[in-house]
Amino acid sequence: MRVPAGESVAAAVLVHALDHTRTTPVSHAPRAPFCMMGVCFECVMEIDGIANRQACLVPVAEGMQIRRQHGTGRIDE
Amino acid sequence: MSKSARLAVIGAGPAGLSAATLAAELGLDVVLIDEQASPGGQIYRALAEAPAKRIDLLGDDYRRGRALLRALHTSGAEYWPDTSVWSLDQNRTLGILRAGRAAMLQFEQVIIAGGAMERPVPFPGWTLPGVMNLGAAQILLKSAGVVPAGGTVIAGVGPLLLLVARQYLRAGVAVKAVLEISPRSNMLRAAPHLLRATAGGSYLRRGVKYTADIMRAGVPIHYGVSRLRAHGDRHIESVEFASHGWRGRCDRMLATDSLLVHFGVTPRTSLVCAAGGRLAWDTSLQCWRTQVDQWGNTSVDGIAVAGDAAGIGGAISAEHSGRLAALAAASSLGHITAAERDRLSHADIAWRRKDLRIRPFLNALYRIPPEFLVPDDATIVCRCEEITAGQIRAAVREGHTDPNQVKFLLRCGMGPCQGRQCASSVAHIVSATRQIPAAACAPFRVRPPISPLSIEQLAELSMADE
Ligand SMILES: Cc1cc2nc3c(=O)[nH]c(=O)nc-3n(C[C@H](O)[C@H](O)[C@H](O)COP(=O)(O)OP(=O)(O)OC[C@H]3O[C@@H](n4cnc5c(N)ncnc54)[C@H](O)[C@@H]3O)c2cc1C
Ligand code: FES
């Protein structure tokens, strides 16, 4: 997937109509970026192997590995 | 990273930019810290990189930020982008995260200029993908040139609804409707304040012009909207609402895969709370804000708050309050005398005094009706832990009468956002259920880290301590 450098991961997800960034731990409902400024935590994703990163605050970079986060993102799930 | 800097300014919006610039000009050793990649805050977001065409679309209000960016550049203040502050204590020790590494740094003075966030207002379906804050959509436009391609419905309160609808129309986006929720009775509430609001007239004229432009484009604007709800299975498919015209109530349904909502903005208070600073409930703003004096000083020695983080005043007011906080910091550190501080602050204080007169008018005009502040039982209030208004009400009735008790019982506000999205709603629900003023509720206690650190980052930090 190609996106302009400097754009946030959350913006890239939305532009490419990937719809949601995570599912909730309780009801597994899909959630998408809501605030784009780091206050709602709906955009948390697994970025380069690290869970719970706020995609709206992380700029995309060459070769970045981005995955939807399911639940709390802990290894034991 | 230099450890000798004496003043830390957190947030590079109009408040932080002006504070850091003036403080550096007065000879202070200043570091300006912001978690964004470029300066400007919310209003001037990505201004330095935005292409000319996008700047034209966003207009003069956006372009104005250029002067602030230039002034920072020549002031000599140090600027750390991509750096988030995840803790602050009463001794002015900052926990920062920069390029994946955590560090603790102490400062002699701290100015928090973290700005505002859009007021979280729960309604049925607000957690569905496709429902987003309107300011968030503005961020997408400013930083990535992105607009809702399949059209959108815009709902909420205030001038931003009209401003964005107009920008979208000019960019060729189909705006299906604008839904304004403030009831007509707000006009009556606001009218007495208009006499004192010198700028009120020009403000209203701008609103009238925007409204005319939007209606001419054939976009319906509904006033006094209630019963707002988003429907859909895994993504929003339609929005339902009741509009209240002269002919009475009318229930409507619009098909849409995008709904953008905006219910005004409220101060971001996590950092000041983490440092033990006192908040006050603002009945006019219907939320908490930091208790500050005219310089922005909080109840914690050496920590001040400037701009929208202290109380909502908008971008120009933020510049003036940033300058006032810088003058106070310079005088506390002995760079200028108290008499010089007072002399240099005349214009800023006079401007703010004048501007403050329009606020009661705007707050009354865009007051959120109780129906939206206190949601139905089935509506999710805490987005992180999926706690409904009904669960909160039941907890209050069982005797958990304070927001912090509700939090510990239900985990409401204990998820990753740490209550940023539910704290004020919980206060409104507790207050409505107990029939006490919201001001009698205690705000959620906040403990650092206020944003997530990985186990590795925490481990690194404790090794550095040893
Ligand atoms: C989403 C949004 C969109 C808006 N859009 C408009 C608009 O289009 N037009 C308009 O007139 N007004 C807009 N506003 C209102 C605007 O916030 C104010 O007018 C003005 O920007 C306030 O300036 P400020 O300097 O107080 O804060 P801001 O401009 O909000 O700047 C605060 C800065 O602090 C940084 N920050 C906060 N916390 C931390 C932390 N812990 N660590 C590091 N950095 C931190 C943020 O990244 C941000 O850059 C918007 C508000 C929001 C919330
Ligand atoms: S979209 Fe809200 S925190 Fe990222």
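Can you tell me which residue is most open to solvent (accessible area, probe 1.4 Å) among those in segment B:24-48 that are over 23 Å from the mean Cα position of the chain (by Cα) and of a type in the set (D, E, K, R)? That would be B:GLU25. Within segment B:424-450, the only residue that satisfies the criterion of being within 16 Å of ligand 1 (Cβ to nearest atom) and buried (at least 24 other Cβ atoms within 10 Å of the Cβ) is B:SER424. Just wondering, is there one or more residues in segment B:304-317 that are in contact with a strand residue (DSSP E or B) (Cβ under 9 Å, 6 or more places away or on another chain) and part of a strand (DSSP E or B)? There is at least one residue in segment B:304-317 that is in contact with a strand residue (DSSP E or B) (Cβ under 9 Å, 6 or more places away or on another chain) and part of a strand (DSSP E or B). Say we look at segment B:173-192 and pick out the residues that are open to solvent by 70 Å² or more (accessible area, probe 1.4 Å) and without any contact (Cβ under 8 Å) to a residue 24 or more places away in the chain; which of these is farthest from B:LEU259 (Cα to Cα)? Checked segment B:173-192; the qualifying residue farthest from B:LEU259 (Cα to Cα) is B:PRO192.
Summed over segment A:1-30, the residues that are farther than 18 Å from B:ALA46 by Cβ and surrounded by fewer than 24 Cβ atoms within 10 Å (Cβ to Cβ) give a count of 15. Of the set (1) of a type in the set (S, T, N, Q); (2) open to solvent by less than 60 Å² (accessible area, probe 1.4 Å); (3) away from ligand 1 (no atom under 16 Å from the Cβ), all apply to A:GLN65 but (2).
Going through (1) touching a residue at least 12 places away in the same chain (Cβ under 8 Å); (2) crowded, with 19+ Cβ neighbours inside 10 Å; (3) in contact with a strand residue (DSSP E or B) (Cβ under 9 Å, 6 or more places away or on another chain) one by one, B:THR388 falls short only on (1). Taking each residue of segment B:122-139 that is assigned to a loop (DSSP other than H, G, I, E, B) and looking for partners that are among the basic types (Lys, Arg) and within 12 Å of ligand 2 (Cβ to nearest atom) with beta-carbon atoms closer than 7 Å, six or more apart or interchain, yields B:THR127/A:ARG31; B:THR127/B:ARG383; B:PRO129/A:ARG31. Listed here are the helices (runs of 4 or more DSSP H) enclosed by segment B:393-466 that have at least 2 residues being in contact with a His (Cβ under 8 Å, 6 or more places away or on another chain) and not acidic (Asp, Glu): B:403-410. The condition of being within 14 Å of another protein chain (Cβ to nearest Cβ), surrounded by fewer than 16 Cβ atoms within 10 Å (Cβ to Cβ) and among the basic types (Lys, Arg) holds for only one of B:ARG101, B:ARG70, that being B:ARG101.
Of everything in segment B:1-10 that's open to solvent by less than 10 Å² (accessible area, probe 1.4 Å) and in contact with a helix residue (DSSP H, G or I) (Cβ under 9 Å, 6 or more places away or on another chain), which residue is nearest to ligand 2 (Cβ to nearest atom)?
B:VAL9
Condition check for B:GLU456 on (1) in contact (Cβ under 8 Å) with a residue 40 or more places away in the chain; (2) among the acidic types (Asp, Glu); (3) open to solvent by 50 Å² or more (accessible area, probe 1.4 Å): one failure, at (1). Selection over segment B:140-172 of residues that are away from ligand 1 (no atom under 14 Å from the Cβ), open to solvent by less than 10 Å² (accessible area, probe 1.4 Å) and either part of a loop (DSSP other than H, G, I, E, B) or free of Cβ contacts under 8 Å to residues at least 40 places away in the same chain (or both) gives a count of 1.
Filtering segment A:39-59 to residues that are among the aliphatic types (A, V, I, L, M), facing another protein chain (nearest Cβ under 10 Å) and either within 14 Å of ligand 1 (Cβ to nearest atom) or open to solvent by less than 60 Å² (accessible area, probe 1.4 Å) (or both) leaves A:VAL39, A:VAL44, A:ALA51, A:LEU57, A:VAL58. All conditions but one from (1) surrounded by 15 or more Cβ atoms within 10 Å (Cβ to Cβ); (2) in a strand (DSSP E or B) apply to B:CYS250; the one that does not is (1). Somewhere in segment B:68-75, is a residue part of a loop (DSSP other than H, G, I, E, B) and away from ligand 2 (no atom under 16 Å from the Cβ)? For segment B:68-75, residues part of a loop (DSSP other than H, G, I, E, B) and away from ligand 2 (no atom under 16 Å from the Cβ): absent. Candidates B:ILE316, B:ILE349: the one that is at pLDDT below 95 and open to solvent by 10 Å² or more (accessible area, probe 1.4 Å) is B:ILE316. Screening A:MET36 against (1) more than 7 Å from chain B (Cβ to nearest Cβ); (2) within 16 Å of ligand 2 (Cβ to nearest atom); (3) open to solvent by less than 60 Å² (accessible area, probe 1.4 Å) leaves a single unmet condition, (1).
The values are calculated or read from the model by the stated rules, or taken from the named source; none is laboratory data. Being a predicted model, the structure only gives us computed values, none of them experimental. Neighbour counts run over all protein chains shown; Cβ positions are idealised from the backbone, glycine included. The protein model used for the area step is the full one, side chains on, heavy atoms only, and it has no ligands, DNA or RNA in it. Shrake-Rupley method; radii C 1.70, N 1.55, O 1.52, S 1.80 Å.
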